[in-house]
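The values are calculated or read from the model by the stated rules, or taken from the named source; none is laboratory data. Here the structure is a predicted model, which means the values were calculated and not measured. With ideal geometry, Cβ positions are generated from the backbone for all residues, glycine too; neighbour counts draw on all protein chains shown. These accessible areas exclude ligands, DNA and RNA; they are computed on the full protein's heavy atoms, side chains included. Shrake-Rupley method; radii C 1.70, N 1.55, O 1.52, S 1.80 Å.
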Amino acid sequence: MAATSRTPGTITGNRGLQIEEPLIFEQGTAGRTGVDLAEPVPREDRLGGLAREGEIGLPGLSEPEVMRHFMRLSQKNFAIDSGFYPLGSCTMKHNPRLNERLARLPGLADLHPMQPEATVQGALELIDSLARWLKVLTGMEAVALSPAAGAQGELCGMMCIRAALEAKGDARRRVLVPESAHGTNPATAAACGYDIDAVANNARGRVDLAAVKAKLGDDVAGIMLTNPNTCGLFEDEILEIAEAVHEVGAYFYCDGANFNAIVGKVRPGDLGIDAMHLNLHKTFSTPHGGGGPGSGPVVLSGGLAPFAPLPFVVHGKEGFRLVEHRGRSEDEGLSAIGRLKGFHGQMGMFVRALAYMMSHGADGLRQVAEDAVLNANYLLAGLKDVLTVSYPGPCMHEVLFDDGFLEDTGVSTLDFAKALIDEGFHPTTIYFPLVVHGAMLMEPTETESKASLDQFIATVRGLAAGARSGDAAKFHDAPKLTPRRRLDETGAARHPVLRWRPAPDKAAE
Ligand SMILES: *Cc1c(COP(=O)(O)O)cnc(C)c1O
């Protein structure tokens, strides 16, 4: 075991009770197994000579070895259940256990998407109830539930906009995207075949209204604007932007991933928005980031509703029904853009999100937004004299700092983030948004206690003091206390090793 590249100082490479763990394939031994099956009865080969000749290649381990393997891996995993996770833009909040219980009820968990409609009336009603909650909370006409993530919700919304324009015979080419946008926004517009035209921010960290107006024209299909934006600020000229966009016949797409900051307080439908995705896995607490799949419903205005993708639930005289194929009328999906996903979407996430809404109620959801904003402003107040605040004034659900305070220290934003890991915190989001230098975006969410925020503030203050007192070496070495140190993240992304191969000596055995 190459202990030097791992944690120094022990024979095994283990650090205390944190145990080194090779791949399961490296541990497997031929002939060992966790199950005891009878020898199969000989059968006539019906594979026409295609039967496998070599070993199947599964690792051979006993049951306790398998248990330890996965337990050890799980202990290397940092999770919202293990500590503070202030990853800006990602909304890593507690996933209530009640939601998990409900999602595991056999009547929901054991459903099959191809069951006859008559046997899944309850599930369809649940989907319909979730749709109603989302429409009421956003003040919008319709909702498409099938998109499997925020990014796919954006694609869905922009495809609806493109379909609406094409239906009018209007082939517009340009989509305006603010410089502070999440990378998925320009990617979505490009995937829909549009040319992206970047719009600058103003000195207050908001989209510049004059710049939007200057770029608008009758070749603009729409704008993709995030509110609250990725600098953690409310776009306070959104009504004027919506009006200007509509004046040239373009559509207003809102990236609603940050809806957790305004749920129960602001209805996007009142802001002139035509389409907006919601991230159930952010605002409505469903697990994500390795814990579960995303879910990105898109709310639509009346004008865009006919283009919503299939399938969708309708409630008729004979109960609930799924419209799965384009029918002859608008009510039957005549103009639907098609299908974005097999079946209806992430049912398990629908259950969790609806449980979250119903257990919080209207007042509870409003408090979610208020507390998320309060907690972010608490971080802002506790750190503004030692870090560099990017924009003046209070923030929404997340607070943005840049690397001004690290100037001439020899410490970068990346080093600072790595030092947080040694202190037991998941790093903040770094180098995003791109509109400030060396960004650090912190999102505490509403579920953190004052005690945990205070501990984080004290830690960041201590690290900032360390950086300024010339202790750059400590930052360059960080993280020192993790099972692995600095990984080649770019190399891993560019040249991923996706397949295990036996070491040559083992293969020769
Ligand atoms: C998270 C996020 C997205 C993308 O959502 P996914 O579910 O990760 O695809 C898009 N825009 C913003 C502002 C986000 O925060």
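Centre-to-centre separation between the Cα atoms of the range 441-492 and those of the range 266-301: 30 Å. The string of couplings for the range 13-28 from the Karplus curve (6.51, -1.76, 1.60, θ = phi - 60°) is x, 6, 10, x, 8, 8, 9, 4, 9, x, 4, 5, 5, 6, 8, x Hz, one whole number per residue in order, with x for Gly and Pro. Is the shape of the range 1-145 rounded, prolate or oblate, going by the alpha carbon gyration tensor and its root eigenvalues a ≥ b ≥ c, with a/c under 1.5 for rounded and a/b larger than b/c for prolate? Here the range 1-145 falls in the oblate category. Legend: residues Met67, Met442, sorted from most to least accessible area (1.4 Å probe; ligands, DNA and RNA excluded), read Met67, Met442. Here the average projected area of the convex hull drawn through the C-alpha atoms of the range 18-76 stands at 5.7 nm². Only helices enter this figure: runs of n ≥ 4 DSSP H residues, each worth -39500 (n - 2.57), summed and divided by the residues of the chain, yield -10500 deg cm²/dmol at 222 nm to the nearest 500. Coupling constants for the range 303-311 follow from the phi torsions by the Karplus curve (6.51 cos²θ - 1.76 cosθ + 1.60, θ = phi - 60°), and in residue order they are x, 9, 3, x, 8, 3, x, 8, x Hz; glycine and proline get x. Under a 5 Å amide H cut-off, with hydrogens placed 1.01 Å from N, Ala198 pairs with Val177 among residues at least 5 apart or on other chains.
Probe of 1.4 angstrom, ligands and nucleic acids ignored: what's the accessible area per residue over the chain, in square angstrom?
On the way: 25380 Å² over 509 residues.
Computed with neighbouring chains in place, this is 50 Å² per residue.
Under the shape rule built on the C-alpha gyration tensor, where the axes satisfy a ≥ b ≥ c, the range 138-275 is rounded, since a/c falls short of 1.5. Close amide H partners of Arg15, meaning residues 5 or more places away or on another chain with modelled amide H under 5 Å apart, are Glu20. Shown is the FRET efficiency for Ala472 and Glu44, computed with R0 = 56 Å from the Cβ-Cβ distance and rounded to the nearest 0.05: 0.20. Each residue was assigned an accessible area with a 1.4 Å probe, and for Ser329 the value is about 50 Å².
Extension gain for Ile11 to Arg328 (0.36 nm times residue separation, less C-alpha to C-alpha distance): 106.9 nm.
Positive end of the dipole of the range 98-355 (Cβ unit charges, origin at the Cα centre): among Gly169, Tyr251, Cys156, the Cα lying farthest that way belongs to Cys156.
Within 10 Å, count the other beta carbons around each residue, average over each peptide in 108-114, 184-190, 488-494, 253-259, and list them highest first. Don't skip to the end; give the middle numbers.
On the way: 108-114: 11.6, 184-190: 21.3, 488-494: 8.7, 253-259: 28.0.
Averaged packing, sorted descending, gives the order 253-259, 184-190, 108-114, 488-494.
I need the peptides 141-150, 26-35 ranked by packing, meaning the mean over residues of other C-beta atoms within 10 angstrom, with the highest value on top. Before the final figure, lay out the partial values.
Numbers: 141-150: 22.8, 26-35: 11.6.
Highest to lowest by the protection proxy: 141-150, 26-35.
Of the peptides 306-316, 74-84, 239-249, the ranking by mean beta-carbon count within 10 Å, highest at the top, reads 306-316, 239-249, 74-84. Remark: the range 98-355 carries a charge dipole of roughly 580 debye about the Cα centre, counting +1 on each Lys and Arg Cβ and -1 on each Asp and Glu Cβ.
Kindly identify the chain as rounded, prolate or oblate by the Cα gyration tensor criterion: order the square roots of the eigenvalues as a ≥ b ≥ c, call it rounded if a/c is under 1.5, otherwise compare a/b with b/c, prolate if a/b is larger, else oblate.
Working: a/c = 1.82, a/b = 1.12, b/c = 1.63.
Oblate, since a/c reaches 1.5 and b/c is not below a/b.
Only the Cβ atoms of Lys and Arg (+1) and of Asp and Glu (-1) were treated as charged; on that basis the dipole of the range 229-375 about its Cα centre amounts to roughly 860 debye. If R0 is 35 Å, what FRET efficiency do you get for Asp488 and Val35 from their C-beta distance, rounded to 0.05? Calculated value: 0.35. Across the options Met358, Leu130, Ala51, the greatest Cα extent toward the positive end of the charge dipole of the chain (unit charges at beta carbon of Lys, Arg, Asp, Glu) belongs to Ala51. Pairs from the list Lys93/Lys384; Lys76/Lys480; Lys341/Lys418 with a Cα-Cα gap above 26 Å: Lys341/Lys418.
Taking 0.36 nm per residue of sequence separation and removing the Cα-Cα distance, the Ala458/Leu58 pair yields an extension gain of 139.1 nm.
Report the relative contact order of the chain, percent, no decimals, based on alpha-carbon pairs under 8 angstrom and at least 6 residues apart.
Details: 897 pairs, mean separation 90.5, N = 509.
Result for the chain is 18 percent.
Each of Leu434, Gly393, Ala472 was placed along the dipole of the range 363-494 (beta-carbon charges, centred on the mean Cα), and the one lying farthest toward the positive end is Ala472.
Rounded to the nearest Hz, the phi-derived 3J(HN,Hα) couplings of the range 72-89 under the Karplus curve 6.51 cos²θ - 1.76 cosθ + 1.60 (θ = phi - 60°) are 5, 4, 5, 6, 8, 8, 7, 9, 4, 6, 10, x, 5, 9, x, 6, x, 6, where x marks glycine and proline.
For Trp500, the accessible area of its heavy atoms, probed at 1.4 Å with every protein chain present, is near 80 square angstrom.
Close amide H partners of Val207, meaning residues 5 or more places away or on another chain with modelled amide H under 5 Å apart, are Asn202.
Across the range 98-355, the relative contact order, built from alpha-carbon pairs under 8 Å that are at least six residues apart, equals 28 percent.
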